[in-house]
Amino acid sequence: MTENKTARRRPGGGEQDVATAKATSTAYCNTNPGTSQTSLVYDAKGRRVASVRGDVLCVTLHSSRGHLLQRPPGPGLAFNVEVLERAEALGATHVVIRDADTGRRYEANLVDFRAHGIRFDFGFGNQVCLRLEYWQVSEPVGRQLVLTGLEV
C-alpha cells in the first residue's frame, strides 16, 4: 500500500479519499457557529473514544455491541470518568451521541451527569451512567429520493 496523506483507512480495509469521506459523511455533531477546533479524547488505555468540537463532546456508539447499558444503573449511557473530565477541560458543556446501528441521536448536558449520574465500576474503570430519561433522543430522518429526468 502506498503512503497517501489524503487517504484514510476504511472499516474492513481499503482506503478512502479524505475529501470524499468528508463530503459523504453525515454531520451529526453540530457545534456553535464559528467554532472549528476539534480535540480528540482518549481513554486510560490510549484508545480514541470521542472528540470535542467546540463545546460538544461527540461520540459514536454501536447499540448492537452492547454500548447501551441495560442492567442497573441503566438503562442509560455511560462514560469513563476520565473521559468526561477531559471533555470538560477541553470546554465541552454537552454530549451528542450517534448510534451507528440505528441512526438515533442522544443529547444531554454535562451538568446532568453531575446532578443525576450514577457512578459504578463493572471492571472497566470508574464510570458514570446517565439514565435514558435524562437524554433527548432523536430518531433518524429518512432520506428523500430525488427523481430526475421526469417531465411533468
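Looking at Glu139, Glu85, Glu133, just one residue is more than 21 Å from Pro73 (Cα to Cα) and acidic (Asp, Glu), and that residue is Glu139. The lone criterion from (1) at pLDDT 50 or above; (2) open to solvent by 60 Å² or more (accessible area, probe 1.4 Å); (3) among the acidic types (Asp, Glu) left unmet by Asp43 is number (2).
Annotation note: Cβ proximity below 6 Å between a residue of the stretch 42-67 that is within 23 Å of Asp112 (Cα to Cα) and a residue that is surrounded by fewer than 11 Cβ atoms within 10 Å (Cβ to Cβ) and at pLDDT 90 or above (sequence gap 6+ or interchain) occurs for Tyr42/Arg48.
As for the stretch 110-132, it holds at least one residue that is at negative phi, in contact with a Phe, Trp or Tyr (Cβ under 9 Å, 6 or more places away or on another chain) and assigned to a loop (DSSP other than H, G, I, E, B). Of all the criteria given as (1) in contact with a helix residue (DSSP H, G or I) (Cβ under 7 Å, 6 or more places away or on another chain); (2) open to solvent by 20 Å² or more (accessible area, probe 1.4 Å), the one not satisfied by Val52 is (2). So which residues in the stretch 70-100 are open to solvent by 30 Å² or more (accessible area, probe 1.4 Å) and either assigned to a strand (DSSP E or B) or within 16 Å of Leu132 (Cβ to Cβ) (or both), if there are any at all? Of everything in the stretch 70-100, those that are open to solvent by 30 Å² or more (accessible area, probe 1.4 Å) and either assigned to a strand (DSSP E or B) or within 16 Å of Leu132 (Cβ to Cβ) (or both) turn out to be Gln70, Arg71, Pro72, Pro75, Ala78, Asn80, His94, Arg98.
The values are calculated or read from the model by the stated rules, or taken from the named source; none is laboratory data. Bear in mind the structure is a predicted one, so any value in this text is a computation, not a measurement. A quick note on method: Cβ atoms are made from the backbone with ideal geometry, for glycine too, and the neighbour counts reach across all protein chains shown. Just the protein is used for accessible areas: all its heavy atoms, side chains included, with ligands, DNA and RNA removed. Shrake-Rupley method; radii C 1.70, N 1.55, O 1.52, S 1.80 Å.
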